[in-house]
Amino acid sequence: HIFDSLVARPRIIVVELNPTIPPFIDRINPRGKNKGSSLAALARLGTSKGYDLVHATMYNAFFVDAARNGRIQPKTPLEVFRWDLVRFVVSDYDGENWFSSATERQPRVMNPWDSLPSYFADLLAALE
């Protein structure tokens with residue numbers, strides 16, 4: 001919502017994204033919730049505000065002011081998205097369901113944050 005209401009015109013903007021939402025789903029975080037926005041939604045918003053999506057890391061999207069961007073090639077969400085944290089539910093014809101990452105079958109349902117170092121796990125537990 002900050003990106004949407006931005007009045008200043010910085011050359012570069014970095015916005016946090018939810019890396020578990022595939023890049024073809026356009027979803028903005030509901031106001032007052034802590035769910036995160038998709039890269040597709042952020043790219044759409046960036047374009048509407050005159051910014052080019054130029055790069056993404058696992059958790060951040062990088063935008064450059066299109067009017068001042070003469071060197072960096074704009075990208076689509078599909079070109080820059082990292083698939084590491086996306087999980088799929090796969091349904092076999094016999095009715096069995098299982099989970100998969102972008103590259104392999106998962107032995108169990110995995111929350112991307114399950115493998116956080118214990119320091120972060122302890123910190124999160126203390127906040128509950």
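The values are calculated or read from the model by the stated rules, or taken from the named source; none is laboratory data. From a predicted model like this one, the values you see are computed outputs, not experimental measurements. We place every Cβ from the backbone using ideal geometry, glycine too, and count neighbours over all the protein chains shown. Accessible surface areas use protein heavy atoms only, side chains included; no ligands, DNA or RNA. Shrake-Rupley method; radii C 1.70, N 1.55, O 1.52, S 1.80 Å.
Explain nothing, just the number: relative contact order of the range 4-54, from Cα pairs under 8 Å at least 6 residues apart, as a whole percent. Spell out each step's value before the answer.
Numbers: 49 pairs, mean separation 15.4, N = 51.
Once normalised by length, the contact order is 30 percent.
Given R₀ = 41 Å, what would the calculated FRET efficiency be for ILE2 paired with ASP94, taking r from the Cβ atoms and rounding to 0.05?
The value I calculate is 0.30.
Leaving out ligands, DNA and RNA, and with a 1.4 Å probe, what % of the accessible surface on the range 34-78 is carbon or sulfur?
The nonpolar share, carbon plus sulfur, comes to 53 percent.
Where the centroid of each part is defined by its Cα atoms, how far is the range 1-21 from the range 29-82 in Å?
When both Cα centres are located, 7 Å separates them.
Beta carbons within 10 angstrom, averaged per residue: use that to sort the peptides 88-96, 62-70, highest first.
62-70, 88-96
Given H placed on each backbone N at 1.01 Å, which residues far from ASN60 in sequence or on other chains put an amide H within less than 5 Å of it?
Here the answer is LEU17, since their amide H atoms fall under 5 Å of that of ASN60.
Tell me the label-point distance for the pair THR103, THR20, using the 7 Å Cα-to-Cβ offset, in nm and rounded to one decimal.
According to this spin-label approximation, the distance is 2.1 nm.
Suppose every Lys and Arg Cβ carries +1 and every Asp and Glu Cβ carries -1, with no other charges. What dipole size does the range 1-96 come out with about its Cα centre, to the nearest 20 debye?
Numbers: 13 positive and 10 negative charges, 134 e Å.
For this selection, approximately 640 debye.
Kindly write out, for the range 78-92 in residue order, the coupling ³J(HN,Hα) from the Karplus curve 6.51 cos²θ - 1.76 cosθ + 1.60 (θ = phi - 60°), rounded to whole Hz, with x marking Gly and Pro.
Rounded to whole hertz, the list is 5, 6, 10, 5, 9, 8, 3, 9, 7, 10, 10, 9, 10, 10, 6.
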